[in-house]
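One structure follows; several queries about it will come next.
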Protein chains: 2
Amino acid sequence: MRICIVGCGAVGSLFAANLSLLDDVEVWAYDVSQAHVDAINERGLRLTGAGEVVGRPRATTDAAELPPCDFGIVVTKAMHTEAAIAATAHAFADGCVATVQNGIGNEETIARYVERVIRGTTFPAGKILEPGVVQWDVKGDTTLGPFEPRPAPLAEIERLADACTRAGMPTHAVPDARGPQWRKVIFNASTNPIGALTGLTHGRVCERPDLRALVSGLVAEGKAVAAAQGIVLDADPEELIDHAAKPEVAYDHRSSMLQDVEARRQTEIDYLNGGIVRFGREHGVPTPLNEAIWALVKGVEQSWQQ
Amino acid sequence: MRICIVGCGAVGSLFAANLSLLDDVEVWAYDVSQAHVDAINERGLRLTGAGEVVGRPRATTDAAELPPCDFGIVVTKAMHTEAAIAATAHAFADGCVATVQNGIGNEETIARYVERVIRGTTFPAGKILEPGVVQWDVKGDTTLGPFEPRPAPLAEIERLADACTRAGMPTHAVPDARGPQWRKVIFNASTNPIGALTGLTHGRVCERPDLRALVSGLVAEGKAVAAAQGIVLDADPEELIDHAAKPEVAYDHRSSMLQDVEARRQTEIDYLNGGIVRFGREHGVPTPLNEAIWALVKGVEQSWQQ
C-alpha cells in the first residue's frame, strides 16, 4: 500500500513518520518546505516527546515525482488545501484522499480534484522544532468516514484506518465522521479566536464568566448548525472545553490561532467560524456571534497590511 | 459665578481654559496630576490647535482647597468618576454638577454624592501635549439637561450653558439630554472597541463589509436599548459613523480605545458597551453583540496582568 502525506507539517509528520515504520506501507511526504524535505531525505523524520520515532518517508517538494498512491492524507493548513490538492491530484487518480485538517470545507475542495474522498478529524498535535524534527505534544484518536457526495468505499477507509492504527495512530473507520469533525470544529471555533483576540490562555479565558459565556454562545450556534444538518455530535464540546481548562490538561495552552496572530501569520478563521457561518447560512441558522468573531479576526489580519 | 472642572485632562482643560477667560466666572481646576496642576498655576493653561488660548484657572490636587462652587463639570475618565466626585462633593453642596463624560452611568454615580445633577454630552476633543499644554483637536457642541432622578433646575442649566457658549464652547440647554448622549454612546460603543480589537483605523473598519456589518449590529442593539427607555436619538449613529469614515473627516483616526490598548491603559469599555448591556438588562432588551465585545476587551485588559 502506498500512502502520500500531503502537507508534512507538524501533524502530517506524525502520520508520515509512524506510517513509514510499517513494512507493508510505502510513505511519500509532499511538502513545500525544501529544508524540511531535504532534512527528511538526508536524516529521516524524527519525532520526539509523546513518542520517540525516526521514520523514513520519501519526501519531495515536486508533486510531479509522486507515483500513483492508494491513499492521500491531506494535512495542510486549511487555506492551502486547494493548492496542495491541485498539485497532487494526479497521484490519486485510482486512490482515495482523506483530510484530517482543521475546519470545515476541506472535503468540498478536495472533491473538486479527486473521485473518492474521506472525511476525517484528528486530535494528535505537535510542532516542528527544526527541519526534519517534530515535537509530538499530544497523542489522540483519528476518525475517518466517507465524504457523502463523493464517498470512498468503506472497505478502503477501513484499510487506511487499520494501517494508521497499526502504526501507533489509533484510527476509527465510521459510516458518519461528521459528529467528531463538528465537535472539534465547534471546540476550536469557540475557543481559539477568543485566545487570539484577547491574548489569554485557554484556562484564563474559561475563568472569566463573561468570556466563558461568549464561548458558550459560540458553541450554541455551532451546535444549532450541526443539528440543522442532522449531525449528531459524539460528545458535547462544552465538556471538552471545561476539561481542557484544567491545570493538568491545557490551562496554560495558548491557542494555535493566538500563536498565528502573534507571529502575524494568516489564521484558519475562514474554515472555523467562517465555516460555521457558511453552513449556517445554507441551512437557515443564524450565527451572529460566529460572524462577529470571524470579522474581528479578519480585521486583525488586515491590520498587518497597514 | 464659580465653576470647578473636576478632572482637568484634555477635554476638561478645554472647558477650564476657555471659561477662565470670562470676567464673570471664576474657574477652579481639580486634577490628580501634580505636574499638570503646577504647570497651570505657574504658566497658565495653554490650548493650541483648533483655538489658541491661555487660560488662568486656579488648579489644585487637593479637593479640600475647593471653595463652594455654583457648578461642577465632571470630565474624568468614566472609571474615575466615583473617586473624583467623592473627593469634591463638598464644594457642590449648594451647586449643580454636570457630567460631559464618555459613556453612561456617570450621572447615577454623581447623584449618590450631590443633590442637583446635569446630564451632558460633549463633542470637542483634544490631547495633553505636556503639563499645562493641551492640543485642541476638534471643536464641537455640548448638550446639557436635567438628570431626571435628581434634576438641576433648568434655569441653572441655562446659566451654565450660557457661560460655556460665551466662552467659545457652544452649549445647548435642553429638557431631555438623553438623545445626544445615547447617540454618542452608541457611536463610541459600536466603533471604538472594533478599532481596539483589530488595530484598524475608523475608515478601514468601515471599508470591510464584515466589520461594518458588526458595527451596524452593535448600533442596532444600542438603538433598541435607547428606544426601550423612550429615548429619541437626535440623529442616527449610522450617519455619524459613515460621515466619520470619510478621508477628510476621520478615516485615519485610531480610536481612543485603540490608543488605550496600545498603551495598556484601562479602557472605558465598562461605560460604553458595558453600559448598553446593563441598561438593556434593566429594560429586557438582549444585547449579545455588545456583551461579546465587552467581554473581549475585558479579556484584553486582563491579559496585561499575565
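Taking only region A:236-290 into account, find how many residues are farther than 18 Å from residue A:183 by Cβ and among the hydroxyl-bearing types (Ser, Thr, Tyr).
2
Of all residues being within 17 Å of the chain's Cα centre (by Cα) and assigned to a helix (DSSP H, G or I) in region A:161-176, which is farthest from residue A:24 (Cα to Cα)? Just the residue, please.
Of everything passing the filter in region A:161-176, A:161 is farthest from residue A:24 (Cα to Cα).
Within region A:271-302, can you find the residues that are polar (S, T, N, Q) and more than 22 Å from the chain's Cα centre (by Cα)?
If we filter region A:271-302 for residues that are polar (S, T, N, Q), which is where we start, we get A:273, A:287, A:290, A:302.
Selection gives A:287, A:302.
Let me ask something additional. Looking only at region A:250-258, decide whether some residue is crowded, with 19+ Cβ neighbours inside 10 Å and at pLDDT 95 or above.
Checking region A:250-258: not a single residue is crowded, with 19+ Cβ neighbours inside 10 Å and at pLDDT 95 or above.
Can you report the number of residues in region A:194-210 which are crowded, with 22+ Cβ neighbours inside 10 Å, within 10 Å of chain B (Cβ to nearest Cβ) and not β-branched (Val, Ile, Thr)? Walk me through it before giving the result.
Initially, region A:194-210 is screened for residues crowded, with 22+ Cβ neighbours inside 10 Å, giving A:194-198, A:200, A:202, A:205.
Remaining after also requiring within 10 Å of chain B (Cβ to nearest Cβ): A:194-195, A:197-198, A:200, A:205.
Adding the requirement that they be not β-branched (Val, Ile, Thr) leaves A:195, A:197, A:200.
Selection size over region A:194-210: 3.
Do the conditions hold for residue A:240, that is, is it in a helix (DSSP H, G or I), crowded, with 16+ Cβ neighbours inside 10 Å and within 14 Å of chain B (Cβ to nearest Cβ)?
Details: in a helix (DSSP H, G or I): yes; crowded, with 16+ Cβ neighbours inside 10 Å: yes; within 14 Å of chain B (Cβ to nearest Cβ): no.
So residue A:240 does not fit the description; no.
For region A:47-138, give me every one of the strands (runs of 3 or more DSSP E) that falls completely inside it and has 3 or more residues that are open to solvent by less than 60 Å² (accessible area, probe 1.4 Å). Write out each step before concluding.
Numbers: elements: A:53-55, A:58-60, A:71-74, A:96-99, A:116-122, A:125-130, A:133-138.
Correct list: A:71-74, A:96-99, A:116-122, A:133-138.
Determine, yes or no, whether residue B:254 is of a type outside the set (Gly, Ala, Ser) and on the phi > 0 side of the Ramachandran plot.
Numbers: of a type outside the set (Gly, Ala, Ser): yes; on the phi > 0 side of the Ramachandran plot: no.
Considered against the rule, which asks whether it is of a type outside the set (Gly, Ala, Ser) and on the phi > 0 side of the Ramachandran plot, residue B:254 comes out as no.
Another question, if that's okay. Give the residues of region B:292-306 that are surrounded by fewer than 24 Cβ atoms within 10 Å (Cβ to Cβ), assigned to a helix (DSSP H, G or I) and more than 7 Å from chain A (Cβ to nearest Cβ), sorted by residue number.
The initial filter retains those residues of region B:292-306 that are surrounded by fewer than 24 Cβ atoms within 10 Å (Cβ to Cβ), namely B:298-306.
Now narrow it down to the ones that are assigned to a helix (DSSP H, G or I): B:298-303.
Of everything in region B:292-306, just one residue is surrounded by fewer than 24 Cβ atoms within 10 Å (Cβ to Cβ), assigned to a helix (DSSP H, G or I) and more than 7 Å from chain A (Cβ to nearest Cβ), namely B:301.
A follow-up question, please. Residue under question is residue A:228, and the condition is that it be surrounded by fewer than 17 Cβ atoms within 10 Å (Cβ to Cβ), touching a His at 6+ places or on another chain (Cβ under 6 Å), under 25 Å from residue A:77 (Cα atoms) and not charged (D, E, K, R); does it hold? Walk me through it before giving the result.
On the way: surrounded by fewer than 17 Cβ atoms within 10 Å (Cβ to Cβ): yes; touching a His at 6+ places or on another chain (Cβ under 6 Å): yes; under 25 Å from residue A:77 (Cα atoms): no; not charged (D, E, K, R): yes.
In short, no.
When you scan region A:10-17, do you find a residue that is of a type in the set (S, T, N, Q), in contact with a helix residue (DSSP H, G or I) (Cβ under 6 Å, 6 or more places away or on another chain) and surrounded by 17 or more Cβ atoms within 10 Å (Cβ to Cβ), even just one?
Checking region A:10-17: not a single residue is of a type in the set (S, T, N, Q), in contact with a helix residue (DSSP H, G or I) (Cβ under 6 Å, 6 or more places away or on another chain) and surrounded by 17 or more Cβ atoms within 10 Å (Cβ to Cβ).
Here's a check for you: in region A:263-291, which residue that is touching a helix residue (DSSP H, G or I) at 6+ places or on another chain (Cβ under 6 Å), closer than 18 Å to residue A:216 by Cα and open to solvent by 10 Å² or more (accessible area, probe 1.4 Å) is farthest from the other protein chains (Cβ to nearest Cβ)?
Here the answer is A:285.
Cβ contacts < 6 Å: first residue of a type in the set (Ser, Thr, Tyr), restricted to region A:277-306; second residue open to solvent by 10 Å² or more (accessible area, probe 1.4 Å), any location; separation 6+ or different chain. Result?
So the pair list comes out as A:287/A:221; A:303/B:199.
Then there's this: Here are some conditions: (1) buried (at least 22 other Cβ atoms within 10 Å of the Cβ); (2) more than 14 Å from chain A (Cβ to nearest Cβ). Residue B:191 meets all but one. Which one does it not meet?
(2)
Give the residue that is nearest to residue B:74 (Cα to Cα), with candidates limited to residues of region B:21-36 that are touching a residue at least 40 places away in the same chain (Cβ under 8 Å) and buried (at least 18 other Cβ atoms within 10 Å of the Cβ).
If we take residues in region B:21-36 being touching a residue at least 40 places away in the same chain (Cβ under 8 Å) and buried (at least 18 other Cβ atoms within 10 Å of the Cβ), then B:30 is nearest to residue B:74 (Cα to Cα).
Now for a different question. I'm told residue B:220 meets every condition in (1) touching a residue at least 12 places away in the same chain (Cβ under 8 Å); (2) of a type in the set (A, V, I, L, M, F, W, C); (3) open to solvent by 30 Å² or more (accessible area, probe 1.4 Å); (4) within 14 Å of chain A (Cβ to nearest Cβ) except one. Can you identify the failing condition by its number?
(1)
May I pose another question? Test each condition in (1) in a helix (DSSP H, G or I); (2) at the interface with another protein chain (Cβ under 9 Å from one of its Cβ atoms); (3) surrounded by 16 or more Cβ atoms within 10 Å (Cβ to Cβ) for residue B:213 and report the one that comes out false.
Every condition holds for residue B:213 apart from (3).
The values are calculated or read from the model by the stated rules, or taken from the named source; none is laboratory data. Just so you know, these numbers come straight off a predicted model, no measurement behind them. Cβ: placed from backbone, ideal geometry, glycine included. Neighbour counts: every protein chain shown. The protein model used for the area step is the full one, side chains on, heavy atoms only, and it has no ligands, DNA or RNA in it. Shrake-Rupley method; radii C 1.70, N 1.55, O 1.52, S 1.80 Å.
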